[in-house]
Amino acid sequence: MLKLTFLGHSCVSATDGKYKIVIDPFLTGNPQATLTPEEIDVDYILATHGHSDHLGDSIAISKRTGATIIAPNELAVWVTNKGAQAHNMHIGGAYSFEFGRVKLTIAHHGSAAGESGLEYTGNPCGFVFSIGGKTVYHTGDTGLFLDMKLIGELDNIDVMFVPIGDNFTMGIDDAVKAVEFVNPKVVVPIHYNTWDIINAEPEDFKKRLDGSGVDVVILKPNESLEL
């Protein structure tokens with residue numbers, strides 16, 4: 001069994017009933033969030049990159065719960081220097097954790113953190129991970145790239161989380177093509193309508209994928225999908 005909960009923007013939690021994971025826990029300052037960082041109890045945090053709307057509350061949650069932050073090497077070093085616990089990885093690498101296997105994929109974006117928002121934190125990434133007998137692909141913030149076809153060929157993706165908000169990431173047109181490349185069983189749109197600059201209509205995204213064989217599930221913040 002796998003329960004996936006959308007927590008707003010790009011933040012997603014996953015649990016198999018034993019282990020609990022959260023991806024990109026941006027809660028403080030997130031106008032979509034319905035939970036506070038203090039309400040998050042997890043074993044692992046997956047951080048796609050250092051931008052404040054993705055790294056978010058990772059360090060505070062790690063310090064409070066002892067959760068390990070899984071992140072690209074430079075970002076993992078950065079959060080460790082801030083007192084968090086981390087597991088360093090890099091693009092193309094995979095590692096088997098207690099809950100399942102995690103592999104880092106490329107993402108075409110940036111990655112910086114700190115008060116200035118300009119402290120270098122290495123390459124951004126996406127995550128392909130297994131938990132509860134299912135395989136999940138969280139693209140992170142990214143533009144469209146042809147190697148998504150390889151991701152879909154190498155792993156049978158049960159659920160894909162893909163940004164549709166445009167401006168900083170893929171918009172709907174490119175997100176539809178990304179889904180065609182990966183061919184997941186289920187896709188959930190993320191990274192839209194948090195602010196006006198990334199406004200998008202998820203129903204348009206869903207309509208564009210009619211007849212594709214992919215189940216498009218639109219989740220409101222704090223709504224869950226169970227597989």
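Worth pointing out:
- Test: residue in region 75-82 that is closer than 27 Å to W195 by Cα, at pLDDT 95 or above and in a loop (DSSP other than H, G, I, E, B): no
Every residue, every condition in (1) among the hydrophobic types (A, V, I, L, M, F, W, C); (2) touching a strand residue (DSSP E or B) at 6+ places or on another chain (Cβ under 6 Å); (3) over 21 Å from H9 (Cα atoms), yes or no:
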residue: K149; (1), (2), (3): no, no, yes
residue: G152; (1), (2), (3): no, no, yes
residue: D155; (1), (2), (3): no, yes, yes
residue: M160; (1), (2), (3): yes, yes, no
residue: N167; (1), (2), (3): no, no, no
residue: G171; (1), (2), (3): no, no, no
residue: A175; (1), (2), (3): yes, yes, no
residue: A178; (1), (2), (3): yes, yes, no
residue: T194; (1), (2), (3): no, no, no
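Table: residues versus (1) in contact (Cβ under 8 Å) with a residue 60 or more places away in the chain; (2) farther than 22 Å from L104 by Cβ.
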| residue | (1), (2) |
| --- | --- |
| H9 | yes, no |
| A14 | yes, no |
| G29 | no, yes |
| I59 | no, no |
| A67 | no, no |
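- Where strands (runs of 3 or more DSSP E) fall wholly inside region 126-227, no range has 3 or more residues that are in contact with a helix residue (DSSP H, G or I) (Cβ under 6 Å, 6 or more places away or on another chain) and either surrounded by fewer than 16 Cβ atoms within 10 Å (Cβ to Cβ) or among the hydroxyl-bearing types (S, T, Y) (or both).
- The residue that is farthest from I91 (Cα to Cα), among those in region 108-125 that are out of contact with any Leu (no Cβ under 9 Å at 6 or more places or on another chain) and part of a strand (DSSP E or B), is E119.
- Options A60, A33; residue that is part of a loop (DSSP other than H, G, I, E, B) and either more than 16 Å from the chain's Cα centre (by Cα) or at pLDDT 95 or above (or both): A33
- Boolean, E98 is assigned to a loop (DSSP other than H, G, I, E, B), at pLDDT 95 or above, surrounded by fewer than 17 Cβ atoms within 10 Å (Cβ to Cβ) and among the charged types (D, E, K, R): yes
Residue by residue, here is whether (1) closer than 15 Å to V22 by Cα; (2) not hydroxyl-bearing (S, T, Y) holds:
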| position | (1), (2) |
| --- | --- |
| A94 | no, yes |
| E115 | no, yes |
| Y120 | no, no |
| F129 | yes, yes |
| G143 | no, yes |
| I151 | no, yes |
| D155 | no, yes |
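- Unmet criterion (only one of (1) within 21 Å of I131 (Cβ to Cβ); (2) buried (at least 22 other Cβ atoms within 10 Å of the Cβ); (3) not charged (D, E, K, R)) for Y19: (2)
- Selection within region 1-25 - modelled with pLDDT of 95 or more, part of a loop (DSSP other than H, G, I, E, B) and over 11 Å from the mean Cα position of the chain (by Cα): L2, D16, G17, K18, Y19
- Output for region 32-57, where each listed residue is of a type in the set (A, V, I, L, M, F, W, C) and either out of contact with any Gly (no Cβ under 7 Å at 6 or more places or on another chain) or free of Cβ contacts under 8 Å to residues at least 60 places away in the same chain (or both): L35, I40, V42, I45, L46, A47, L55
- Unmet requirement for E115, which otherwise passes all of (1) farther than 20 Å from S13 by Cα; (2) touching a Phe, Trp or Tyr at 6+ places or on another chain (Cβ under 6 Å): (2)
- For region 1-21, the set of residues classified as farther than 16 Å from G50 by Cβ and either among the hydrophobic types (A, V, I, L, M, F, W, C) or touching a His at 6+ places or on another chain (Cβ under 8 Å) (or both) consists of M1, L2, L4, F6, L7, V12, A14, I21, listed by residue number.
The values are calculated or read from the model by the stated rules, or taken from the named source; none is laboratory data. Owing to the predicted nature of the structure, the values given are computational and were not obtained by experimental measurement. No Cβ is skipped: glycine too gets one built from the backbone with ideal geometry, and neighbour counts run over all protein chains shown.
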